[in-house]
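Input: a single structure, listed below in structure tokens.
The values are calculated or read from the model by the stated rules, or taken from the named source; none is laboratory data. All values derive from a computational prediction rather than experimental measurement. No Cβ is skipped: glycine too gets one built from the backbone with ideal geometry, and neighbour counts run over all protein chains shown. Heavy atoms of the whole protein, side chains included, go into the accessibility calculation; ligands, DNA and RNA do not. Shrake-Rupley method; radii C 1.70, N 1.55, O 1.52, S 1.80 Å.
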Amino acid sequence: MKELVIMQGLELKIPPPLVALLSAVAMWGTARHFPTLEIPGLFRISAAIAVALLGGGISLAGTIAFRRAKTTVNPMKPENASSLVCSGIYKFTRNPMYVGLLLVLVAWAIWLSSVWALIGPLCFLLYINRFQIEPEERVLARMFGDSYINYKARVRRWI
């Protein structure tokens, strides 16, 4: 029972960009202490930049769609949502801002040339699923009812 209270206490508490930043710092520390891959510099840098730009673009598209709908982008307060956004990038993923952050973390692992650093994006994904997305989905289902349930049935959580 105590574990359940602790787990629920983490829901919607840490802003996802901070979770990503903490993951990135842990990835950097991991890469410093474990062997790196021998990847040619130009390929590694180009791949890292391409993946980071893709992630940034996906996150930006999500933010722009929320702004156009005049709804909150604050992930800590999903109950402040004024509308259910289902257009634009939200036709392809229910969580483009989190997809974008995940891709930026993958780009960082590529930049670091570390297979071990890929644990960071995995931990980010698991944390965001449990402590951010699941609580958001409960709130949105309560607020938007069948519209949200139908949207969830049509569009995947990640990609």
Within segment 52-159, considering only helices (runs of 4 or more DSSP H) that don't extend past its boundaries, which have at least 2 residues that are touching a strand residue (DSSP E or B) at 6+ places or on another chain (Cβ under 8 Å), open to solvent by less than 60 Å² (accessible area, probe 1.4 Å) and more than 30 Å from residue 28 (Cβ to Cβ)? none
Can you list residue pairs whose Cβ atoms sit under 9 Å apart, with the first residue in segment 135-150 being over 10 Å from residue 79 (Cα atoms) and the second being among the β-branched types (Val, Ile, Thr) and surrounded by fewer than 16 Cβ atoms within 10 Å (Cβ to Cβ)? Count only pairs 6 or more apart in sequence or on different chains. 141/149
For residue 44, are the conditions met, namely being charged (D, E, K, R), over 14 Å from residue 17 (Cβ atoms) and open to solvent by 40 Å² or more (accessible area, probe 1.4 Å)? yes
Conditions: (1) in a helix (DSSP H, G or I); (2) out of contact with any helix residue (DSSP H, G or I) (no Cβ under 6 Å at 6 or more places or on another chain); (3) modelled with pLDDT of 95 or more. Residue 32 meets all but one. Number of the miss? (3)
